[in-house]
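Colleague: Quick one: the structure is below, and I'll ask about it shortly.
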Amino acid sequence: LDISVLQFMVNSLQSYYPEILGKCLIKDAPWIFNGFWRLVKPLLDPVVAGKIAFVKESELTDYIDPECIPAEYGGNDAFV
């Protein structure tokens, strides 16, 4: 993990592409992501950090209409 590269990427995205992200859902992340998130979160603008949510499969319907979630993820969309 190269912190300087990560900082450059985060700063570039925040500076040149503001407000492009609506919400980022990270489903069933491994435990190692918790430590990674603790390193990255302070580098982010608080508004951007608030758009990132770690969710379990059962929580997807809190953010997405079940009709738009693929059946393999517990939704009702049968699109293959």
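Colleague: Between helix 3-16 and the chain, what is the angle of the helix's C-alpha long axis to the longest principal axis, kept within 0 to 90° and rounded to the nearest 10?
Modeller: Once rounded, one gets 70 degrees.
Colleague: Moving on. Tell me, what is the per residue accessible area of the chain in Å², probe radius 1.4 Å?
Modeller: Here the residues of the chain average 77 Å² of exposed surface.
Colleague: Kindly list the residues of segment 41-80 that lie in the label zone of Asp28, defined by a backbone N under 17 Å from the point 7 Å along the Cα-to-C-beta vector.
Modeller: Zone members listed by number: 54-62, 69-77.
Colleague: Residue-wise, which Karplus ³J(HN,Hα) couplings in Hz belong to segment 51-62, taking 6.51 cos²θ - 1.76 cosθ + 1.60, θ = phi - 60°, and x for glycine or proline?
Modeller: 8, 9, 10, 8, 10, 8, 3, 5, 9, 4, 5, 5
Colleague: Measuring from label point to label point, each 7 Å out along Cα→Cβ, what is the Phe36 to Asp65 span in nm?
Modeller: If labels sit at Phe36 and Asp65, their model points lie 3.2 nm apart.
Colleague: In deg cm²/dmol, rounded to 500, what helix-only [θ] at 222 nm does the chain give when every DSSP H run of at least 4 residues adds -39500 (n - 2.57) and the total is split over its residues?
Modeller: When only DSSP H runs of four or more count, the value is -9500 deg cm²/dmol.
Colleague: Using a 10 angstrom cutoff on alpha carbons, build the Gaussian network for the chain and name the most mobile of Asp28, Asp45, Asp62.
Modeller: Highest fluctuation of the listed residues: Asp62.
Colleague: Return the long-range amide H neighbours of Val55 (sequence gap of 5 or more, or a different chain), with a cut-off of under 5 Å between placed amide H atoms.
Modeller: Ile26, Lys27, Asp28, Ala29
Colleague: Just how many % of Cα pairs in the chain lie over 14 Å apart, if you round to the nearest whole percent?
Modeller: When all Cα pairs of the chain are counted, 69 percent exceed 14 Å.
The values are calculated or read from the model by the stated rules, or taken from the named source; none is laboratory data. These figures come from a predicted structure and were not determined experimentally. Positions of Cβ are backbone-derived with ideal geometry, glycine not excepted, and every protein chain shown enters the neighbour counts. We work out accessible area using only protein heavy atoms, side chains counted, and drop any ligands, DNA or RNA first. Shrake-Rupley method; radii C 1.70, N 1.55, O 1.52, S 1.80 Å.
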